[in-house]
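Working notes, structure below.
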Amino acid sequence: PIRTECDKNEEKRNLDLGGHVGFDSLPDQLVSKSVAQGFCFNILCVGETGIGKSTMMNTLFNTMFENEEASHYERDVQLRPETYELRESNVNLKLTVVQTVGFGDQINKEDSFKPILDYIDTQFEKYLEEELKIKRSLFNYHDTRIHICLYFIAPNGHSLKSLDLVTMKKLDSKVNIIPIIAKSDTVNRSELDKLKIKIMSELVSNGVQIYQFPTEDEAVAEINSSMNTHLPFAVVGSVDDVKVGNKLVKARMYPWGSVQVENESHCDFVKLREMLLRVNMEDLREQTHARHYELYRRCKLEEMGFKDTGPDSQSFSLQETYEAKRKEFLVELQRKEEEMRQMFVNKVKETEAELKEKEKELHERFEQLKRMHQEEKKNLEEKRRELEEEINAFSRRKVAAETLMGQALQGCSHQPFKKDKDKKK
C-alpha cells in the first residue's frame with residue numbers, strides 16, 4: 001500500500017538523544033538576531049485636538065518628541081506620522097507615532113474616520129506590495145502597519161459621543177484598539193468608575209471589539225486577566241517634575257495638591273504602560289500581522305482572483321489564475337474602450353446637434369437683424385424724402401416771400417415820387 005503524507009505524519013516518533021547536540025541554543029540565536037535587527041512599533045493616537053495625545057506620548061516614553069501644535073481650525077482630518085529611533089539598554093526600537101490632526105474639529109463630523117481608515121489600508125497595501133515583489137526585502141523593510149490605536153475619550157461627559165462609537169466601530173476590524181479616558185484628573189473617583197462602566201456597556205451593546213489582553217500564556221494570564229477588568233484606562237499625562245516629599249516625580253500641580261502620574265491610586269498610567277510596552281507589545285505586533293493584516297490580505301487577494309483551492313479541492317495554478325485574470329482584464333478593457341468610444345460618438349453627435357441648433361439660432365437672428373435693418377433703412381429713406389420735400393417747399397416759399405418783398409419795396413419807392421409831382425402841379 002502507498003503511504004500518504006497523513007500516514008507518515010502519524011508514524012512520527014519521539015527519540016531520545018544520546019548526548020548534547022546543540023540546537024537548544026536556537027532561542028538564544030533568535031534573541032541575538034532580533035536584538036541586532038531591532039524592533040519597530042507603530043502607535044496611532046486618535047482623539048480630539050487638545051485632549052492630551054502628545055503629552056501622553058511624551059510621558060509614556062519618558063522623552064520629549066518633536067510635536068507641532070495643532071489648531072482647532074483644520075478643514076479636514078490629517079494624519080501626521082513621525083518616526084523616532086529609541087534605545088533602552090541594548091534594544092533598539094523604531095517608534096512611529098501617528099497623530100490625527102483636526103479630528104473632531106469640523107462641524108460635519110460624518111466622514112472624520114475615513115482618512116484614518118485610508119491611512120491604515122495604505123500601510124497594509126504597502127506591505128502587501130513588498131510581499132508580492134519578485135525581489136523583496138522584508139528583512140530590512142520599514143513596517144509602518146499600525147500595531148495599536150490609543151483612542152482618547154474626553155472625560156467631560158456621561159458616555160461616549162456618537163463620533164467615538166462610529167470611529168471605533170469602523171476601526172476595530174483593522175487595528176487593535178485600547179480606549180483610554182484622557183485627563184482623568186478632572187473627574188472624581190465615583191464619577192470615573194461610573195463613566196468606565198458606561199463606556200464598556202456602550203462598546204459591548206454596539207458590538208465594538210476592543211483589544212483584550214491575552215490570557216493563553218500562563219506567565220501573563222493572571223495580570224492580563226486582571227487588567228482587562230480595568231479597561232478603559234483612566235490616565236493623566238505630564239512631563240513636569242514635581243518634588244513630593246524627598247523625591248522628584250512626574251505630576252500635575254494644583255492649588256489643592258498634586259496628581260502623580262505614576263501613582264496607581266491617582267490614575268491608571270502605570271497599568272497602561274505595563275500592558276502596552278512591558279507585557280503585550282509583541283502580542284500587539286503579532287495580532288496586527290496574524291489577524292488584521294491577514295484579513296486585509298485575504299480580501300485583497302480574493303479581489304484579485306487568487307484562491308487556495310478550486311471547486312474540486314485541487315490546488316490552484318498561479319499561471320492559470322494569472323492568465324484568467326489577464327483575460328478578464330483584457331475583456332474589461334475592451335468593454336471600457338467600447339463604452340468610451342460609444343460615449344465619444346454620442347458626445348460628438350450631441351455636440352453636432354448643439355452646433356446645428358446654435359447655427360440655426362444664429363441664422364434666424366441674422367435674418368431678424370437683416371429685416372430690422374431693412375425696415376430701419378426704409379424708414380430713414382422715408383424720413384429723408386420727407387425732409388427733402390420740406391426743404392424744397394421751404395425753398396419755394398422763401399423765393400415767393402423774397403419776390404413779394406421785392407415788389408413791395410419797389411411799390412414803396414414809386415409812391416413818394418408821385419406825391420412830390422402832385423405837389424408841384
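The values are calculated or read from the model by the stated rules, or taken from the named source; none is laboratory data. Predicted, not measured: the structure shown is a model, and the values here were computed from it. Neighbour counts are summed over all protein chains in view; Cβ atoms, including those assigned to glycine, are modelled from backbone coordinates with ideal geometry. Just the protein is used for accessible areas: all its heavy atoms, side chains included, with ligands, DNA and RNA removed. Shrake-Rupley method; radii C 1.70, N 1.55, O 1.52, S 1.80 Å.
Quick notes on this structure:
- Here K349 passes the criteria (1) modelled with pLDDT of 90 or more; (2) within 38 Å of the chain's Cα centre (by Cα); (3) open to solvent by 80 Å² or more (accessible area, probe 1.4 Å) except the one numbered (2).
- P81 meets each of the listed conditions (1) touching a residue at least 40 places away in the same chain (Cβ under 8 Å); (2) crowded, with 18+ Cβ neighbours inside 10 Å; (3) touching a Ser or Thr at 6+ places or on another chain (Cβ under 6 Å) apart from (2).
- A residue that is touching a residue at least 12 places away in the same chain (Cβ under 8 Å), small (G, A, S) and in a helix (DSSP H, G or I) occurs somewhere in segment 318-331.
- Selection status of V21, of a type outside the set (D, E), without any contact (Cβ under 8 Å) to a residue 12 or more places away in the chain, farther than 22 Å from I116 by Cα and loosely packed, with under 10 Cβ neighbours inside 10 Å: yes
- Among residues of segment 214-231 being of a type outside the set (S, T, Y) and assigned to a loop (DSSP other than H, G, I, E, B), the one that is surrounded by the most Cβ atoms within 10 Å (Cβ to Cβ) is L231.
- Selection within segment 190-213 - open to solvent by less than 90 Å² (accessible area, probe 1.4 Å) and β-branched (V, I, T): I199, V208, I210
- Filtered residues of segment 139-153 (kept if closer than 20 Å to F103 by Cβ and either out of contact with any strand residue (DSSP E or B) (no Cβ under 8 Å at 6 or more places or on another chain) or β-branched (V, I, T) (or both)): T144, I146, I148, I153
- Looking at segment 257-316, the helices (runs of 4 or more DSSP H) lying wholly inside it that each contain 2 or more residues that are open to solvent by 20 Å² or more (accessible area, probe 1.4 Å), modelled with pLDDT under 85 and under 29 Å from I120 (Cβ atoms) sit at 294-303.
- Neighbours by Cβ (under 8 Å, 6+ apart or cross-chain): first from segment 190-202, under 17 Å from Y151 (Cα atoms); second assigned to a helix (DSSP H, G or I) and open to solvent by 30 Å² or more (accessible area, probe 1.4 Å): E202/L165
- Out of K243, K194, K250, sole residue that is over 22 Å from K53 (Cβ atoms) and in a strand (DSSP E or B): K243
- Residue that is farthest from L79 (Cα to Cα) [pool: residues in segment 28-66 that are aliphatic (A, V, I, L, M) and either open to solvent by less than 20 Å² (accessible area, probe 1.4 Å) or assigned to a strand (DSSP E or B) (or both)]: L60
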